[in-house]
Amino acid sequence: MSIIPLDVAAQLLAQGAIVGIPTETVYGLAANALNGEAVAKIYAQKNRPQFNPLIVHFASARDASTHVEWNARAEKLSATFWPGPLTLVLPRKTDSTISLLVSAGLDSLAIRVPAHAKALALIQQSGTPLAAPSANRSGRVSPTTPAHVLEEFANLVPVVDGGACEVGLESTVVDLRTSPTILRPGSITQEALENALGESVPFSPHDEAIAAPGMLKSHYAPTLPLRLNAETPLPGEAYLAFGASKGTLSLSESGDLQEAAAKLFAYLRKLDTAPHTGIAVAPIPMEGIGTAINDRLARAASK
Ligand code: TXA
Ligand code: MG
């Protein structure tokens, strides 16, 4: 298995196979969301705990809205940010044809419309919404290039090449079932959400294991120990620099947080090998998308 053309991938997805697909955030491991057996292949391939619910990707807000109890906030946020790196959690309609396995027993559904031409084409050509978690084995960092996906699954999963992901960080997840809360920070910031809704949208330190199991602290973990807010590396450590600091690799020499987000997972992967004995990461400012970067780093460090 390797890189496959888009039309072949669309056909495979329609037939119930799993395929690595590009999105603007990270690569997804996609399956026909209407087909429970296809969805089960995702969990098996990822070695993911069964209780971890998946995001369903649609080609339009209109398609997405038919599967959930849509509301005024969903209307506003989808109009402002879709297609784009925002996932909305809403009550699932009882007559939704989405496989129950997708939401892993929850009566809610996480939905988004990705901003990537190939992702949208795959949804349209396969004729089905696509359930897709990030295309990494459980507990590993998310892939941002087709090569990462091939490597994650030892070439067992075919992949559509959509280039390197522009955003490089998973979507912001917002729970809209009651008053809005951020379940997972991402490149769409709290401020942008609050501006769009005209109300506060707090980050909710919710019961992680139930509301968003993917937020478990150990979710994003390189193999080597990670040391955060390090001004300099210790002997043996690789150093992931940012801004003025010099390192083994730099997330952004100019101190650009967007660039840092796009490179974060790729660089953690690169540094997660011998002869390094650990990875030290430079301080990343807690502003804008820097909040999400620090969130991911904190998870990766707390194994
Ligand atoms: O950018 C992204 O969101 C990528 C691309 C492929 O779209 N996908 C991704 O999926 O990051 P995944 O499965 O790695 O993370 C999905 C997150 C997890 O934190 C999961 O627990 C949460 O969304 N989630 C999914 N369904 C949910 C639900 N019904 N209620 C609450 N949280 C949910
Ligand atoms: Mg993931």
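Check region 56-79 and report whether any residue there is within 16 Å of ligand 2 (Cβ to nearest atom) and at pLDDT 95 or above. Full working, then the answer.
We begin by selecting, within region 56-79, every residue within 16 Å of ligand 2 (Cβ to nearest atom); these are 56-57.
Of the ones still in play, those that are also at pLDDT 95 or above are 56-57.
Yes.
Among the residues of region 21-51, those that are at pLDDT 95 or above, within 13 Å of ligand 2 (Cβ to nearest atom) and over 19 Å from LEU109 (Cβ atoms) comprise VAL26, TYR27.
Would you call ALA147 away from ligand 2 (no atom under 16 Å from the Cβ), of a type in the set (A, V, I, L, M, F, W, C), in a loop (DSSP other than H, G, I, E, B) and over 20 Å from PRO91 (Cα atoms)?
Details: away from ligand 2 (no atom under 16 Å from the Cβ): yes; of a type in the set (A, V, I, L, M, F, W, C): yes; in a loop (DSSP other than H, G, I, E, B): no; over 20 Å from PRO91 (Cα atoms): yes.
The answer is no for ALA147.
Of the residues making up region 266-303, those that are at pLDDT below 95 and part of a helix (DSSP H, G or I) number 17.
Within region 138-155, being of a type in the set (Val, Ile, Thr) and buried (at least 22 other Cβ atoms within 10 Å of the Cβ) holds for VAL141, THR144, VAL149.
Regarding ALA110, is this residue within 12 Å of ligand 1 (Cβ to nearest atom), over 15 Å from ALA59 (Cβ atoms) and surrounded by fewer than 23 Cβ atoms within 10 Å (Cβ to Cβ)? Give the derivation first.
Numbers: within 12 Å of ligand 1 (Cβ to nearest atom): yes; over 15 Å from ALA59 (Cβ atoms): yes; surrounded by fewer than 23 Cβ atoms within 10 Å (Cβ to Cβ): no.
No: the conditions fail for ALA110.
In region 33-83, what count of residues is obtained for those that are aromatic (Phe, Trp, Tyr) and under 18 Å from LEU100 (Cα atoms)? Spell out how you get there, then give the answer.
Here is the first cut: in region 33-83, the residues aromatic (Phe, Trp, Tyr) are 43, 51, 58, 70, 81-82.
Retained after the next criterion (residues that are under 18 Å from LEU100 (Cα atoms)): 43, 51, 58.
Summing the residues that are aromatic (Phe, Trp, Tyr) and under 18 Å from LEU100 (Cα atoms) in region 33-83 gives 3.
Of the residues in region 107-119, how many are of a type in the set (Lys, Arg) and outside any helix (DSSP H, G or I)? Let's see the steps before the verdict.
So in region 107-119, the residues of a type in the set (Lys, Arg) come out as 112, 118.
After this cut, where a residue has to be outside any helix (DSSP H, G or I) as well, the list is 112.
The number of residues fulfilling the criteria is 1.
A single entry from VAL157, VAL174 fulfils the requirement of being at pLDDT 95 or above and within 16 Å of ligand 2 (Cβ to nearest atom): VAL157.
If only residues of region 219-241 that are within 16 Å of ligand 2 (Cβ to nearest atom) and not small (Gly, Ala, Ser) are counted, the one that is farthest from the chain's Cα centre (by Cα) is PRO222. Restricting attention to region 97-118, the residues that are in contact with a Gly (Cβ under 9 Å, 6 or more places away or on another chain), within 16 Å of ligand 2 (Cβ to nearest atom) and within 23 Å of SER187 (Cα to Cα) add up to 2.
For region 1-20, taking the residues that are within 16 Å of ligand 1 (Cβ to nearest atom) and either more than 30 Å from GLN258 (Cβ to Cβ) or at pLDDT below 95 (or both), the one that is surrounded by the fewest Cβ atoms within 10 Å (Cβ to Cβ) is identified as LEU13.
For the condition assigned to a loop (DSSP other than H, G, I, E, B), away from ligand 2 (no atom under 16 Å from the Cβ) and at pLDDT 95 or above, THR94 does not qualify. Identify, please: which residue in region 120-131 is surrounded by 21 or more Cβ atoms within 10 Å (Cβ to Cβ) and in a loop (DSSP other than H, G, I, E, B) and is, among those, nearest to ligand 1 (Cβ to nearest atom)? It comes out as PRO129. For ALA117, work out the one condition from (1) within 28 Å of THR144 (Cβ to Cβ); (2) aliphatic (A, V, I, L, M); (3) surrounded by 16 or more Cβ atoms within 10 Å (Cβ to Cβ) it doesn't fulfil. With (1) within 28 Å of THR144 (Cβ to Cβ); (2) aliphatic (A, V, I, L, M); (3) surrounded by 16 or more Cβ atoms within 10 Å (Cβ to Cβ) applied to ALA117, the lone miss is (3).
Take the conditions (1) of a type in the set (A, V, I, L, M); (2) modelled with pLDDT under 95; (3) closer than 25 Å to GLU259 by Cα; (4) away from ligand 2 (no atom under 16 Å from the Cβ); VAL141 misses just one of them, which is (4).
Are any residues in region 234-265 part of a loop (DSSP other than H, G, I, E, B) and of a type outside the set (Ser, Thr, Tyr), and if so, which ones? Even if it seems obvious, please write down each step before you answer.
Going through region 234-265, the residues part of a loop (DSSP other than H, G, I, E, B) turn out to be 234-236, 242-248, 251-256.
The answer is LEU234, PRO235, GLY236, PHE242, GLY243, ALA244, LYS246, GLY247, LEU251, GLU253, GLY255, ASP256.
Taking SER134 as the residue in question, decide whether it is touching a Phe, Trp or Tyr at 6+ places or on another chain (Cβ under 8 Å), among the hydroxyl-bearing types (Ser, Thr, Tyr) and within 11 Å of ligand 1 (Cβ to nearest atom). Break it down stepwise before answering.
Values: touching a Phe, Trp or Tyr at 6+ places or on another chain (Cβ under 8 Å): yes; among the hydroxyl-bearing types (Ser, Thr, Tyr): yes; within 11 Å of ligand 1 (Cβ to nearest atom): yes.
Judged against the criteria, SER134 is a match.
Considering each of ALA79, ALA61 in turn, give the residue that is within 20 Å of VAL174 (Cα to Cα), surrounded by 16 or more Cβ atoms within 10 Å (Cβ to Cβ) and away from ligand 1 (no atom under 15 Å from the Cβ).
Criteria check complete, one pass: ALA61.
Residue count for region 152-181, restricted to those that are out of contact with any Leu (no Cβ under 8 Å at 6 or more places or on another chain) and within 11 Å of ligand 1 (Cβ to nearest atom): 4.
The values are calculated or read from the model by the stated rules, or taken from the named source; none is laboratory data. In this text the structure is predicted, and so the values were computed from the model without any measurement. Here Cβ is always computed from backbone atoms with ideal geometry, including for glycine, and neighbour counts include all displayed protein chains.
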